[in-house]
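Undergrad: Before anything else, here's the structure in question.
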Ligand SMILES: [Mg+2]
């Protein structure tokens, strides 16, 4: 089975070529992908699509950046797995965000890193939910 089979991923990324690449990589791994060009649009999609399993977000974006998006998304869905995809050193630049997310993919990334980070984040959240119930 494909590693991200039956998983719906919301991708927030302002750079179109990167967004396209992320979509192709994730769809090739079996995922369904919703895409947003910045955080405010991603939030609207999150409200419209309760089937979203995981958020994959860039950090530097106009209007609402990845930090603001992560905060607002978690207010709506406290258990939503979030993977940040960034060229920055997140621990140094956004330590609170680095602690809040379930995974970080460093740009430039290779496809397998992205797929693994998202698969791991979803699997860990599901384990936590099963353990708590
Ligand atoms: Mg960006």
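Undergrad: Using alpha-carbon positions, what is the distance between the centroids of the range 58-133 and the range 23-39, in Å?
TA: Their Cα centres are 15 Å away from one another.
Undergrad: Quick one: compute a quarter of the convex hull surface over the Cα atoms of the chain and quote it in nm².
TA: Working: hull surface 30.3 nm².
The number I arrive at for the chain is 7.6 nm².
Undergrad: Share of antiparallel DSSP beta bridges in the chain, in percent to the nearest 5? Before the final figure, lay out the partial values.
TA: Values: 0 of 16 bridges.
Roughly 0 percent of the beta bridges in the chain run antiparallel, per DSSP.
Undergrad: Order 45-51, 93-99 from most to least packed using the mean count of other Cβ atoms within 10 Å.
TA: 93-99, 45-51
Laboratory data are not the source of any read-out in this text; all were calculated from the coordinates shown. Not measured: the values here are computed from a predicted model. Positions of Cβ are backbone-derived with ideal geometry, glycine not excepted, and every protein chain shown enters the neighbour counts.
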